[in-house]
Amino acid sequence: MATQHSRAAARFMIAPSVILLLAWMVVPLAMTLWFSFLRYNLLMPGDNPFVGFDNYSYFLTDPAFQAAIVNTLLLVVGVLIITVGGGIGLAVLLAQPMWGTGIIRIMVISPFFIMPTVSALVWKNMFMNPVNGLFAYGADLLGLQPFDFLTQAPLASIIGIVSWQWLPFATLILLTAMQSLDSDQMEAAEMDGASAFSRFFYITLPHLARAITVVILIQTIFLLSIFAEILVTTNGGPGVASTNLTYLVYAESLLRFDVGTGSAGGVVAIILANIVAIFLMRMIGKNLDA
Amino acid sequence: MGRITLEKVQKKFGDVEVIPPLDLTIEDGEFVVFVGPSGCGKSTLLRLIAGLEDVSGGEIRIDGKPATDLPPAKRGLAMVFQSYALYPHMSVRKNIAFPMKMAGMSQEEQDEKISKAAEVLNLTDYLDRRPGQLSGGQRQRVAIGRAIVREPAAFLFDEPLSNLDAALRVGMRLEISELHKRLETTMVYVTHDQVEAMTMADKIVVLRAGNIEQVGSPLELYKTPRNTFVAGFIGSPKMNLIEGDIARKHDARTIGVRPEHLQVVDSGGTFTGKVGVAEHLGSDTFFHVHLDEMDEPMTVRAGGEVGLSHGDTIHLSPQPDKIHRFDDRGLRIA
């Protein structure tokens with residue numbers, strides 16, 4: 001009896017926080033859903049009639065939408081490839097005993113502590129600027145035409161900036177995983193005649209599989225919603241060349257003041273994120289159990 | 001063939017000399033056990049032979065060929081680690097196949113050797129499992145299987161049984177001895193357990209602080225320990241080492257008597273004391289006897305059913321021809 005009573009009491013006790021959290025999630029979701037079915041434009045005040053799926057069809061047939069989907073996926077996949085690949089390389093290097101390890105590790109990890117807007121601005125103005133930037137100066141020294149990164153290759157430049165921010169995260173997680181690798185296993189492989197490459201391929205990489213999965217899952221969640229870096233560098237342009245889904249939703253609701261279409265875009269983004277999540281869990285989630 | 005020769009082999013970590021220059025020959029087909037207390041350098045010595053550590057001086061020869069500068073894989077030795085060091089993401093089959101795969105052996109040859117090794121080690125039913133699904137003893141056998149398929153010149157074992165429970169340890173001890181008899185390959189075995197050393201070895205190397213204290217067959221070490229360290233280390237329970245007047249009567253600084261060479265007599269006897277703790281093992285009883293002349297209790301082996309209990313007076317007399325005498329430096333007096 002006692003356990004039943006305490007169970008009831010426990011449910012009663014956690015009820016406020018559960019209700020609060022549920023309301024926190026359900027109310028905005030419900031409002032977004034509701035707005036997405038209204039004609040709701042701040043430039044045209046008045047009544048907001050119910051228009052069914054009109055907002056969705058506007059959003060989905062918008063030529064910017066397809067570009068945004070492609071850009072979102074390119075951004076996520078590009079950054080994942082660079083950070084996971086680079087992270088593995090850096091983790092292997094940093095796991096070696098060497099002089100000044102502590103300082104080098106802190107230096108490698110520091111980009112992660114810089115705010116996205118700040119790092120994007122630093123990249124934009126100090127590195128990629130075709131007149132004052134460091135890269136332009138370097139090109140000048142070599143007698144080359146300076147390259148205007150954010151105009152000529154906007155998406156690739158943003159992928160570079162975001163990769164620079166997320167590389168430390170991947171490195172950190174993979175480095176801790178590296179350090180849990182049993183040195184006896186490496187020595188056994190050495191005795192078994194495995195070359196350094198084979199040891200990496202057959203021992204280190206499988207050992208890192210789980211950490212790589214974690215990195216991919218966490219980064220995907222954050223990379224789907226990259227926004228600040230685009231806002232402060234290219235504003236989604238030129239044209240829609242660097243507009244991702246998040247930026248498109250922002251543009252609809254806050255640049256064109258169309259709350260209805262913006263909400264519809266938000267719902268589309270939620271669905272897309274879930275599709276990606278299911279896809280990822282299917283593909284690599286099995287690494288997480290056992 | 002697997003004859004391993006160490007000439008003036010030395011190991012330093014920084015300024016600390018872990019192993020002072022040392023000579024040792026391990027004959028082909030021999031089962032050699034390195035034994036000593038923890039931190040005596042026995043594992044380091046094994047790793048020097050394996051090539052996992054670089055020597056600071058001296059030369060290692062395997063079958064007469066210099067091996068000092070060869071990488072571990074080129075020495076033709078196989079090692080079994082204390083932690084087994086199996087590859088957790090590979091099945092047992094792949095674990096055993098790994099060294100052959102690295103050597104670029106054909107698939108048929110690999111399969112043949114795997115099934116042969118699995119048969120020898122009773123692993124046939126487990127070939128498709130992962131190491132995580134095996135018990136400690138089975139993992140140990142997989143590690144041995146991975147060593148066998150390389151057909152090495154010598155096997156190196158680094159405390160392979162210390163992670164197993166007592167019953168399993170006895171079983172694996174027999175299995176390894178059996179394997180040695182069957183393969184007739186040189187085996188070098190490191191342990192801190194003198195029982196393992198006594199039961200398995202053809203030749204025991206007793207180490208202390210990187211120095212070889214004595215090399216010899218188990219019985220040689222038991223019968224004629226070269227110094228008090230070996231005398232106290234080999235044999236279970238430990239030899240009683242007695243100093244003072246009693247030793248002086250034998251013209252020695254220290255005399256040693258093993259518990260099994262002391263007899264309980266009705267009266268008289270060399271030593272008289274009070275019975276302390278008695279350990280009844282059924283077949284034997286070990287008494288810890290407190291003597292007036294000594295701080296340390298003396299251990300005595302008596303028959304299974306001796307009617308003595310705590311606090312009783314006991315008279316002991318050593319077998320005269322089984323008394324070991326040691327001089328001021330702790331060395332044996334012949």
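The values are calculated or read from the model by the stated rules, or taken from the named source; none is laboratory data. Predicted model, so just to flag it, every value in this text is computed and none were measured. Cβ sites come from the backbone with ideal geometry, for glycine too, and all protein chains shown count toward neighbours. Remember, those area values only see protein heavy atoms, side chains included, never the ligands or the DNA or RNA. Shrake-Rupley method; radii C 1.70, N 1.55, O 1.52, S 1.80 Å.
Of the set (1) under 13 Å from the mean Cα position of the chain (by Cα); (2) hydrophobic (A, V, I, L, M, F, W, C); (3) buried (at least 21 other Cβ atoms within 10 Å of the Cβ), all apply to B:VAL195 but (3). Screening A:SER225, A:SER195 for residues that are of a type in the set (Ser, Thr, Tyr) and more than 30 Å from A:MET115 (Cα to Cα) leaves exactly one candidate, A:SER195.
Would you confirm, using the coordinates I've provided, whether A:LEU21 is without any contact (Cβ under 8 Å) to a residue 12 or more places away in the chain, within 30 Å of A:PHE169 (Cα to Cα) and surrounded by fewer than 17 Cβ atoms within 10 Å (Cβ to Cβ)?
Values: without any contact (Cβ under 8 Å) to a residue 12 or more places away in the chain: yes; within 30 Å of A:PHE169 (Cα to Cα): yes; surrounded by fewer than 17 Cβ atoms within 10 Å (Cβ to Cβ): yes.
In short, yes.
Scanning segment A:224-260 for residues that are crowded, with 21+ Cβ neighbours inside 10 Å, of a type in the set (A, V, I, L, M, F, W, C) and either within 15 Å of A:GLY78 (Cβ to Cβ) or touching a Ser or Thr at 6+ places or on another chain (Cβ under 6 Å) (or both) yields A:ILE226, A:ILE230, A:LEU245, A:VAL259. Just to be sure before I move on: is B:VAL55 over 14 Å from B:GLU7 (Cβ atoms) and more than 14 Å from chain A (Cβ to nearest Cβ) in the structure I sent? When the stated conditions are applied, B:VAL55 does not pass them. Taking the criterion of being more than 20 Å from B:GLN214 (Cα to Cα) and open to solvent by 10 Å² or more (accessible area, probe 1.4 Å), the only residue of segment B:30-50 that qualifies is B:ARG47.
With the condition kept exactly as written, say whether any residue in segment B:33-46 is at the interface with chain A (Cβ under 8 Å from one of its Cβ atoms), under 14 Å from A:GLU187 (Cα atoms), part of a helix (DSSP H, G or I) and in contact with a Leu (Cβ under 7 Å, 6 or more places away or on another chain). Checked against the condition, which is being at the interface with chain A (Cβ under 8 Å from one of its Cβ atoms), under 14 Å from A:GLU187 (Cα atoms), part of a helix (DSSP H, G or I) and in contact with a Leu (Cβ under 7 Å, 6 or more places away or on another chain), segment B:33-46 yields no hits at all. When segment A:173-189 is filtered for residues that are open to solvent by less than 30 Å² (accessible area, probe 1.4 Å) and away from every other protein chain (no Cβ under 11 Å), the ones remaining, listed by number, are A:LEU174, A:LEU175, A:ALA177, A:MET178.
The number of residues in segment A:40-53 that are surrounded by fewer than 20 Cβ atoms within 10 Å (Cβ to Cβ) and either under 19 Å from A:PHE279 (Cβ atoms) or touching a residue at least 60 places away in the same chain (Cβ under 8 Å) (or both) comes to 5. With respect to (1) within 14 Å of chain A (Cβ to nearest Cβ); (2) aliphatic (A, V, I, L, M); (3) in a loop (DSSP other than H, G, I, E, B), the lone exception for B:MET79 is condition (3). Sub-8 Å Cβ pairs linking a first residue in segment A:190-205 that is facing chain B (nearest Cβ under 7 Å) to a second residue that is polar (S, T, N, Q), at least 6 apart or interchain, are A:ILE203/A:GLN185, ordered by first then second residue.
Restricting to segment A:54-102, and then to whatever is of a type in the set (Gly, Ala, Ser) and touching a residue at least 12 places away in the same chain (Cβ under 8 Å), can you tell me which residue is nearest to A:THR261 (Cα to Cα)? Give the derivation first.
So the first thing to find is which residues in segment A:54-102 are of a type in the set (Gly, Ala, Ser), and the list is A:57, A:64, A:67-68, A:78, A:85-87, A:89, A:91, A:95, A:100, A:102.
From what is left, the residues that are touching a residue at least 12 places away in the same chain (Cβ under 8 Å) are A:64, A:67-68, A:78, A:86-87, A:91, A:95.
Details: A:ALA64: 13, A:ALA67: 17, A:ALA68: 15, A:GLY78: 29, A:GLY86: 39, A:GLY87: 39, A:ALA91: 44, A:ALA95: 50 Å.
Once the filter is applied, the top-ranked residue is A:ALA64.
For segment B:59-72, state whether one or more residues are within 9 Å of chain A (Cβ to nearest Cβ), free of Cβ contacts under 8 Å to residues at least 24 places away in the same chain and in contact with a Gly (Cβ under 7 Å, 6 or more places away or on another chain). Yes, there is a match, as at least one residue in segment B:59-72 is within 9 Å of chain A (Cβ to nearest Cβ), free of Cβ contacts under 8 Å to residues at least 24 places away in the same chain and in contact with a Gly (Cβ under 7 Å, 6 or more places away or on another chain).
Among the residues of segment B:14-25, is any closer than 12 Å to B:THR186 by Cα and either surrounded by fewer than 22 Cβ atoms within 10 Å (Cβ to Cβ) or not assigned by TED's automatic domain parsing to the domain that holds B:LEU221 (or both)? Checking segment B:14-25: at least one residue is closer than 12 Å to B:THR186 by Cα and either surrounded by fewer than 22 Cβ atoms within 10 Å (Cβ to Cβ) or not assigned by TED's automatic domain parsing to the domain that holds B:LEU221 (or both).
Of the residues making up segment B:99-113, none is in contact with a Pro (Cβ under 9 Å, 6 or more places away or on another chain), within 11 Å of chain A (Cβ to nearest Cβ), under 28 Å from B:MET200 (Cα atoms) and assigned to a helix (DSSP H, G or I). In segment A:124-147 there is no residue matching the filter, namely being buried (at least 21 other Cβ atoms within 10 Å of the Cβ), β-branched (Val, Ile, Thr) and away from chain B (no Cβ under 11 Å).
So, of the residues in segment A:228-261 that are of a type in the set (Ser, Thr, Tyr) and out of contact with any Pro (no Cβ under 6 Å at 6 or more places or on another chain), which turns out to be modelled with the lowest pLDDT?
Quick first cut of segment A:228-261, residues of a type in the set (Ser, Thr, Tyr) only: A:233-234, A:242-243, A:246-247, A:250, A:253, A:261.
Applying the additional criterion that residues be out of contact with any Pro (no Cβ under 6 Å at 6 or more places or on another chain) yields A:233, A:243, A:246-247, A:250, A:253, A:261.
On the way: A:THR233: 89, A:THR243: 89, A:THR246: 89, A:TYR247: 91, A:TYR250: 90, A:SER253: 81, A:THR261: 86.
Within segment A:228-261, the match that is modelled with the lowest pLDDT is A:SER253.
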